[in-house]
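Undergrad: After the structure tokens below, expect a handful of questions from me.
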Amino acid sequence: MSAYETLATRLDGGHVIILDGAVGTQLQEMGVPIYHTAWAATALQSHPATVQLMHELYVKAGVDIITTNTYASARHNLEPLGLGDLTGELNRRAVLLARAARDGAARDRPVLIAGSISNFGMTTGGEDLASLRQRSRFTDEQFQANLREQAELLLEAGVDFLLAESTGTNTHRKWVSDACKATGAPFWVGFKVRREPGDVTVRTGYLSQDRLSDVLDDVMSHGGSVLSIFHSSVDDTTAALEIARQKWRGPLGAYPDAERKDYMSPTRDRTVENKIAPAQFAERARAWVESGVQIIGGCCGYGLPYIRPLRDALPKAIASPRGRSA
């Protein structure tokens, strides 16, 4: 039985699985610079020892899954920085660093490696896809080919499964899922959601007007064995999970972000604090588990201090497993 098949069996049995926390912002906290086009991917070239140490610290914090530092390491992320020719090298290195960390720090228990793939770089800030196309050399077909290339690289290097993490349009979300599905490997799907001030409607991505309730079935028809709400505020995550529970029968995950506005600065503003403390985060996570969510972790801003308490704070299993996970 493969490592992922063992994980799927645990999910089928209702076990609670702890995912790691923030990757990019955790690396920032450890002194790694962030670049707009490639987020934290350049650390694979400039700070490999720090990347490996970050993974080791998450393993020692008790997580079941560590995520490769590849959220923004597709060819279209690296090429603007003159690193396009290193696309293969850096994606393989990301996996090897995660494997070295796991093998060194998780000697007595299984820890899986998830390969992150996203639409990062296909839109920039408030720009829509059309305006980006006007100044980008990448066509729709090239973006999709880049995603497929990255998925294949990660699997060849040894990840156990893939994370399809899209914060963009519904089209982007399906591109990312399709790239993962084409490999034949298991993958999980992440939805970034938001609610506008004064509006209770749960929408997807940063700019899309699509309602989660309207697009969820469409996206999940492209594959994926777990549905997660990620990179969203804690409150918006809770609202989205209510919708997901009604429309998705399989396992659910949650790894929210801290709503910080200084993520893209070269060095984060150390005077800005998260809205909730680690203990409060653990309380919210426990409520999600009690409502049937099986995978808990963190995204931007919720790093090691937020992940360390989870192993002791969360129930070991949910009351009623939701369905087949593979």
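Undergrad: Given the conditions (1) modelled with pLDDT under 95; (2) farther than 30 Å from ARG137 by Cα; (3) part of a loop (DSSP other than H, G, I, E, B), and given that ALA22 satisfies all but one, which numbered condition is not satisfied?
TA: All conditions are met except number (1).
Undergrad: Hand me the list of helices (runs of 4 or more DSSP H) wholly inside the range 38-79 holding 1 or more residues that are among the hydrophobic types (A, V, I, L, M, F, W, C) and without any contact (Cβ under 8 Å) to a residue 40 or more places away in the chain.
TA: Output list reads 43-46, 48-60.
Undergrad: Moving on to the next point. Could you grab me the full set of residues in the range 199-216 that are touching a residue at least 40 places away in the same chain (Cβ under 8 Å) and small (Gly, Ala, Ser)?
TA: Across the range 199-216, the qualifying residue is only SER208.
Undergrad: Further question on the same structure: Within the set of pairs 6 or more residues apart or between chains, which connect a residue that is hydrophobic (A, V, I, L, M, F, W, C) inside the range 119-148 to a residue that is modelled with pLDDT under 50 with Cβ atoms less than 9 Å apart?
TA: MET122/LEU129; MET122/LEU132; LEU132/THR124; PHE138/LEU132
Undergrad: Shifting gears a bit: Go through the range 168-207 and report how many residues are of a type in the set (Ser, Thr, Tyr) and crowded, with 21+ Cβ neighbours inside 10 Å.
TA: Keep residues of the range 168-207 that are of a type in the set (Ser, Thr, Tyr), which gives 169, 171, 177, 183, 201, 204, 206.
If we keep only those that are crowded, with 21+ Cβ neighbours inside 10 Å too, we end up with 169, 177, 204.
Counting residues in the range 168-207 that are of a type in the set (Ser, Thr, Tyr) and crowded, with 21+ Cβ neighbours inside 10 Å gives 3.
Undergrad: Next up: Consider PRO33 carefully, then state whether it is in contact (Cβ under 8 Å) with a residue 60 or more places away in the chain, surrounded by fewer than 17 Cβ atoms within 10 Å (Cβ to Cβ) and in contact with an Asp or Glu (Cβ under 8 Å, 6 or more places away or on another chain).
TA: So PRO33 fails the test.
Undergrad: Could you list, in sequence order, the residues of the range 288-323 that are under 15 Å from the mean Cα position of the chain (by Cα) and in a loop (DSSP other than H, G, I, E, B)? Steps first, please.
TA: First pass over the range 288-323, keeping only residues under 15 Å from the mean Cα position of the chain (by Cα): 295-303, 307.
Of everything in the range 288-323, those that are under 15 Å from the mean Cα position of the chain (by Cα) and in a loop (DSSP other than H, G, I, E, B) turn out to be GLY297, GLY298, CYS299, CYS300, GLY301, TYR302, GLY303.
Undergrad: Also, I was wondering about something else. I'd like the full set of residues that are more than 18 Å from CYS180 (Cα to Cα), modelled with pLDDT of 95 or more, basic (Lys, Arg) and touching an Asp or Glu at 6+ places or on another chain (Cβ under 9 Å), limited to the range 70-112.
TA: Result: ARG102, single match.
Undergrad: Right, here's the next one. Within the range 149-173, count every residue that is aliphatic (A, V, I, L, M) and either part of a loop (DSSP other than H, G, I, E, B) or touching a residue at least 60 places away in the same chain (Cβ under 8 Å) (or both).
TA: Matching residues across the range 149-173 total 6.
Undergrad: Considering the range 177-205 alone, what residues qualify as being in contact with an Asp or Glu (Cβ under 7 Å, 6 or more places away or on another chain) and under 15 Å from PHE120 (Cβ atoms)?
TA: GLY190
Undergrad: Kindly check whether there is at least one residue in the range 283-299 that is at pLDDT 95 or above, under 19 Å from ARG203 (Cβ atoms), in contact with a Gly (Cβ under 9 Å, 6 or more places away or on another chain) and surrounded by 15 or more Cβ atoms within 10 Å (Cβ to Cβ).
TA: There is at least one residue in the range 283-299 that is at pLDDT 95 or above, under 19 Å from ARG203 (Cβ atoms), in contact with a Gly (Cβ under 9 Å, 6 or more places away or on another chain) and surrounded by 15 or more Cβ atoms within 10 Å (Cβ to Cβ).
The values are calculated or read from the model by the stated rules, or taken from the named source; none is laboratory data. These figures come from a predicted structure and were not determined experimentally. No Cβ is skipped: glycine too gets one built from the backbone with ideal geometry, and neighbour counts run over all protein chains shown.
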